[in-house]
1. Out of (1) surrounded by 18 or more Cβ atoms within 10 Å (Cβ to Cβ); (2) at pLDDT 95 or above; (3) under 22 Å from the mean Cα position of the chain (by Cα), what's the single condition that is false for residue 392?
2. Quick check: is even one residue across the stretch 300-309 within 30 Å of residue 139 (Cα to Cα), outside the structural domain of residue 16 (by TED's automatic domain parsing) and either at pLDDT 95 or above or in a helix (DSSP H, G or I) (or both)?
3. Whether any residue in the stretch 222-244 is part of a helix (DSSP H, G or I), assigned by TED's automatic domain parsing to the domain that holds residue 24 and over 27 Å from residue 322 (Cα atoms) is what I want to check.
4. For the stretch 19-28, check the following and say yes or no: at least one residue is in contact with a strand residue (DSSP E or B) (Cβ under 9 Å, 6 or more places away or on another chain), outside the structural domain of residue 335 (by TED's automatic domain parsing), crowded, with 23+ Cβ neighbours inside 10 Å and in a helix (DSSP H, G or I).
5. In the stretch 189-204, is there at least one residue being in contact with a strand residue (DSSP E or B) (Cβ under 6 Å, 6 or more places away or on another chain), crowded, with 19+ Cβ neighbours inside 10 Å and assigned to a loop (DSSP other than H, G, I, E, B)?
6. Tell me, please, whether a residue that is over 21 Å from residue 185 (Cα atoms), assigned to a loop (DSSP other than H, G, I, E, B), in contact with a helix residue (DSSP H, G or I) (Cβ under 8 Å, 6 or more places away or on another chain) and in contact (Cβ under 8 Å) with a residue 12 or more places away in the chain can be found in the stretch 264-281.
7. Could you pull out the residue among 72, 78, 37 that is touching a strand residue (DSSP E or B) at 6+ places or on another chain (Cβ under 8 Å), on the phi > 0 side of the Ramachandran plot and not in a helix (DSSP H, G or I)?
8. Sort through 242, 250 and tell me the only one that's within 30 Å of residue 216 (Cα to Cα) and surrounded by fewer than 17 Cβ atoms within 10 Å (Cβ to Cβ).
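The values are calculated or read from the model by the stated rules, or taken from the named source; none is laboratory data. Source: prediction; values computed, not measured. Neighbour counts are summed over all protein chains in view; Cβ atoms, including those assigned to glycine, are modelled from backbone coordinates with ideal geometry.
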C-alpha cells in the first residue's frame, strides 16, 4: 500500500489498501472527463462507467487527498436551508424534490457501500444538539415540521435528560435525532469508490493537475504533461477549484476545518460519553462535531481559523473545544490533528450548474459533503445520460456570489465569522 502524498491523519493511518494511479502522459480521448478525485468525481465516474460511458478522471494530487479524505464522516439527511425557505426560493414542488433527494443521498451512500462491499466503519445515528436552551424551540419546530408536513418519522426530538444520557454531559439542552443518519471513515469510503470505479473501467490519473481547458463540441482538458479530449466535462473540484474556472469561483468560499483524534479510550469511557455510538454536531454557528472511531478514539472537529494557514499544532488548537464539553479528558493524549479545505456557498446550499451544454459543475456542499457530493456525482451522470431532472432542480436554486467576488470574499467571510463566533459565546 502506498499512501505517500497525503496529509498525516488518523484516517490515513487506518486506511485500507490503495492502488496507485499514474499521472497522465500524452493524449486521451473519452466520453466524459472528470476533474477532481473526491466524492463528487468518484461517484460520477462510477455511475457513468456502469452506464457504459468511457471516463477519464484527473486528480491534481491523490484520490480523496482533499476534504473527501479528511472530514468528519457524517452522513445525514436534510439541507442547511429549511424546507419553508426552499419553497420561497424554488416553489413547493421543487422544494419537495430537494427534500426527497436529501433522503436519497444517504440511501445512496449506504447502497454503494453495500453493493461494493466497502469497509469504512459505517455506523447508524446522527444527533444534532442545542448548546443553548433557547435553541431547543427551533429544534422542536424543525422536528415537528418534518414529522407532520413532510411525513418523515425517522427523526425525533430529545429532551435535555435524554441527550445528557446519550452523551454523558450536561452541556447540551436538547437535540434532534436522525435515526437513519449515519457516519463512516471517509477516506476508506472514497478509496472504496475509487476501487469500484477502476474495476468498472474508469481511467484514473493522479498527480495530474489541470491547467486549463478549451470549451466546444469537444472539450480539450490540459495538464502539464497530457491532454484529454472529451464529449463532456465535469468540474468536481469543490474547495480546490482555484482559478480554473472564474465564472463559478465566486460562488464558493474555500474554508479550513480542523479535527483531532485522541488516543484509544477505554470501553468504560466510551460507554459513558457515547453509549449509542452516534455522530454529533451542535448548534453553534462555528460548530463542534464529534464521534467515536472504530478503535474507540474520540474524533472531534471544532474551532475557527481566519487565515489561509493551518494552526501550527492542530491537535492542541482543537483540544480546548473538546475540553469545554468533556473536561474529564484533560489527561487524554491527542494522537492526531489535521485540517482540510471545504467549500461553502453564501446560502449554504450546493451549487449545481451547466456552464456550457456539455460542461457541468457540482460544488459548495457546505458541510453536507459525504452524502450530497455522492449524490451530486450521480446527478451529473444522470444528466449526461438524459435524465437531468434531479440536477436541474438543484440548478434552479438561486446561488448568490460572494460580495466582491474572489478578491474580497475572504475578508468578508472573516468579518462575518468573527461576528458569529462572538455571538456563539455571548448570546
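1. The failed condition is (1).
2. Looking for residues that are within 30 Å of residue 139 (Cα to Cα), outside the structural domain of residue 16 (by TED's automatic domain parsing) and either at pLDDT 95 or above or in a helix (DSSP H, G or I) (or both), one finds at least one in the stretch 300-309, hence yes.
3. yes
4. Checked against the condition, which is being in contact with a strand residue (DSSP E or B) (Cβ under 9 Å, 6 or more places away or on another chain), outside the structural domain of residue 335 (by TED's automatic domain parsing), crowded, with 23+ Cβ neighbours inside 10 Å and in a helix (DSSP H, G or I), the stretch 19-28 yields no hits at all.
5. Yes, the conditions are met somewhere in the stretch 189-204.
6. The answer is no; no qualifying residue exists.
7. Just a single option satisfies the conditions, and that option is 78.
8. 242
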